[in-house]
Structure formats: structure tokens, C-alpha cells
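Heads up, the thing below is written out as C-alpha cells.
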Amino acid sequence: MIQGMLRDDALKGKTIIVTGGGTGLGKAMSTYFLTLGANVVITSRKLEVLTKTAAEMESATGGKVLALQCDVRNYDEVEAMMNASIAQFGQVDALLNNAAGNFISPTERLSANAFSTVIDIVLKGSVNCSLALGKYWIANKISGNILNIVTTYAFTGSAYVVPSACAKGGVLAMTRSLAVEWGRHNIRTNAIAPGPFPTKGAWERLLPGEMASKFDFRNRVPLKRVGEHQELANLAAFLVSDFSGYINGEVITIDGGEWLQGAGQFSALEMVTPEMWDGIEKMTRSAK
Ligand code: HXC
Ligand code: NAP
């Protein structure tokens, strides 16, 4: 069991908007922010899910949660969600762009609408939220903080999740661009690239049915395990806290070494046994 990393009250007085905060990793990160004293706004399309999660989180942490329905694809809804958050808590200090849509598919099987649906949730949604919050922070001279959840294939690309790869790559470009442009307004922008962290939402769409046992993510990770939600929550809490005050424009990978294992030309030699290495060593030593 991984423990919380930051000291008590590390986020006290901060209000953080978490898109997609009603489920999965958004819920885990939100819960830890509350434990550290933050007020949290969780937002997504399904109000029923949000309301249930908010009640659960409030009773577990004693913190204050505002559940607001908002489809991040629609700028007007994002602005209304932001204004309701400010009305409730007086100020918003940080935005966690966590909402996403994704599913595996050969690209040629996708309709144009399927492709743009994922781009709209991930890229346009993150743009809409960052734009609304950025305008508000700059106009009101508030130090802001944007944290974007991307993936490791934001920088490598990945077959079979091409809309998501395009969108996450765009979010990473936005992260680095805004870090420079809005740094002078005291707005920091960073990203986290998680490896496999099991959630219902991701596993149902990326490893449906028997795929979960046939394509075991643990085999792809040098540490031979998937991530624990608290490990991600620790990193996210650090990045939205003032303890990371000089980190700006960074993307931090938290994947147990997964993407490097996939990239390294000789990673598959892991399967070679010590006995086989004895023979291989003789051969390589005899090469003159
Ligand atoms: C092909 C599909 C499809 C599928 C939907 N579509 N699912 N096409 N294969 N499996 C098509 C539809 O036919 C439609 O196109 C278009 O996509 C939009 O579908 P809707 O169902 O109308 O969209 P919507 O209700 O907006 O739902 C969005 C969604 C859905 C992305 C399709 O899965 C969703 O709500 N996802 C949210 C949660 C989520 O995805 N979580 C996982 C994040 S995991 P047509 O042409 O028929 O109109 C992640 C992790 C990455 O990002 C890394 C892991 C290691
Ligand atoms: P999840 O539980 O399915 O989370 C996705 C969330 O996004 C849901 O709460 C969903 O809520 C919300 N959402 C989807 N479309 C939306 C829209 N149009 N407007 C507002 N909210 C919307 O999956 P997860 O695994 O926790 O994923 C969280 C984040 O981590 C995502 O950015 C994902 O790409 C990233 N990630 C996950 C993994 C992993 O292994 N799990 C790995 C790398 C990156 P509604 O349906 O109510 O709208």
C-alpha cells in the first residue's frame, strides 16, 4: 500500500478543478487533493456519477467537493463550470485536464466522427479548459497552475489508438507552449505521462474481454507491475502544490520504465536464460 507523500495541509486554501474527476484516476487524484486540504471541483458529462463520487469523497476526507456537469468539448459549458466554481469557492487556483475518450481500433475502420470525437474530448477539451482558466487568471492577476494528463505515446505515437495519440501529442505541445507564453503571468503548465494504471474506463475500452489476460501490461514494464493510483496521486499533488514552484513546461513519465522497454532494440533479450548466456558469451568472445 503506497502512502501519501506530501505533508498535511500541503494544498490548504487551494481550489482545483479536475475534469473527469468522477471516475478512475481523476477520482484518485481528487481524493488525495482533498486529503491535503484542497477544495475540489469534479466535472464531467454524467452528473449522477459525479454526485455519488462527491458524497463518497467528502465522507472519506472531510473536504469540500463541488460536482458540476460539463462536457469539455463545449466552451460555453466550460466557462459556466468555471464561473460556478469561482462563485462557490471564491477563486480557482489549479486545473487538472484529466478527462479523456479513447478506444482501440484499426484506424481505417474509424469513421470521421469517431476520430474527431476523441480529438474533441482530449485536445479540444483540454484547450477549452486551459483557455477559460488562463483568461480568468491573467485578467485577475492570479497565479495559475495547469496540469495535463497525457500518455507516453504522446511522444512515441501508437498504432491502434491513433486519434488519442494525435490528441495527447497536441496536449503535450500545448503544455510546452503555454509554459513559456504564460510563465510571465505566473501560470505554470506541466504534464504527467502515466503508463498502465488499471481503471474500469480504460480497461473496458483498451483491453476488452479476454484481451486483459492475453495482453498483460505487467509484461511490458521492467518493474513487472502496473501503477498504483496513489503513486500517480502523489506526483499530481506535488505538481499542483507550491513545492514544485520552479517546474514549468515539464512532462514527467510515471510508467515503471514501460516505454523505454518498448523502444530499446535489445529489450527482448530479457527472455535469454543464464545457460543460454553461457553459450552466447562463448560465441561473442570468439568473434575476432
Ligand atoms: C469504432 C467507435 C467505437 C469503437 C465509438 N465509436 N466507439 N468506433 N470503435 N469502439 C464511434 C461511434 O460509432 C461514433 O461514430 C463516434 O465514435 C462517437 O461515438 P459516441 O458513442 O456517439 O460518442 P460519445 O458518447 O461522445 O462517447 C465518446 C467515446 C466513449 C470516446 C466513444 O468511449 C467515451 O465516452 N469515453 C470516455 C471514457 C474513456 O474513453 N476512458 C478511457 C480513457 S483511457 P459514428 O460515425 O457512428 O457517428 C486513456 C488511456 C490511454 O486515454 C493509455 C492507457 C495505457
Ligand atoms: P476514465 O475513468 O474513463 O476517465 C475518463 C473521464 O473523462 C471520465 O470520468 C469521463 O466522465 C470523462 N469524460 C469523458 N468525456 C468527457 C467530456 N466530453 N467532458 C467531460 N468529461 C469527459 O479513465 P482513466 O483511466 O481514469 O483516465 C484518466 C486520464 O488518465 C485520461 O486522460 C487518460 O488518457 C489518462 N491515462 C490513463 C491511463 C491508464 O492506464 N488508466 C494511462 C495513461 C493515461 P463522463 O463519462 O461522466 O463524461
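The distance linking the stretch 96-115 with the stretch 161-224 is 13 Å (Cα centroid to Cα centroid, whole angstrom). Here the stretch 215-288 is treated as an ellipsoid with the same Cα gyration tensor; its semi-axes, largest first and in whole Å, are 39, 16, 9. Here's how it looks for Gly144: its modeled amide H is under 5 Å from those of Ile187, Arg188, which are all 5 or more places away or on a different chain. Short-range pairs are left out: with C-alpha atoms under 8 Å and at least six residues apart, the relative contact order of the stretch 1-90 is 25 percent.
Under 5 Å between amide hydrogens, built in the peptide plane, is the criterion, and for Phe197 it picks out Gly227 among residues at least 5 positions away or on other chains. Working from Cα pairs under 8 Å separated by at least six residues, relative contact order for the stretch 156-288 is 30 percent. For Gly249, the residues whose amide H sits under 5 Å from its own are Thr189, Asn190, ignoring neighbours fewer than 5 places away on the same chain, with H placed 1.01 Å from N.
All other residues whose Cβ lies under 15 angstrom from that of Ile247 are scored, Lys and Arg at +1 and Asp and Glu at -1, for a net of 0. Ranked by the mean number of other Cβ atoms within 10 Å per residue, highest first, peptides 146-159, 245-258 order as 146-159, 245-258. Look at the alpha carbon pairs under 8 Å that are at least 6 residues apart: their mean separation over the length of the stretch 13-151 gives a relative contact order of 25 percent. Note that the stretch 36-42 has calculated 3J(HN,Hα) couplings of 8, x, 7, 8, 10, 9, 9 Hz, one per residue in order, obtained from phi through the Karplus relation 6.51 cos²θ - 1.76 cosθ + 1.60 (θ = phi - 60°); glycine and proline are x. Each residue of the stretch 197-209 was assigned a 3J(HN,Hα) from its phi angle through the Karplus expression (A = 6.51, B = -1.76, C = 1.60, θ = phi - 60°), giving 10, x, 9, 4, x, 6, 5, 5, 9, 10, 9, x, x Hz with x at Gly and Pro. Where a ≥ b ≥ c are the square roots of the eigenvalues of the C-alpha gyration tensor, would you call the stretch 183-259 rounded, which needs a/c under 1.5, or, failing that, prolate if a/b is larger than b/c, or oblate? Verdict is prolate for the stretch 183-259. In order along the stretch 73-86, phi translates into HN-Hα couplings of 6, 10, 4, 4, 5, 5, 4, 5, 5, 5, 5, 5, 5, 5 Hz, rounded to whole numbers, per the Karplus curve 6.51 cos²θ - 1.76 cosθ + 1.60 with θ = phi - 60° and x for Gly and Pro.
Read the figures in this text as sums done on the coordinates, not as results from a lab. For clarity, every value in this text was computed on a predicted model and none was experimentally measured. Note that each Cβ is placed from the backbone with ideal geometry, even for glycine, and that neighbours are counted across all protein chains shown.
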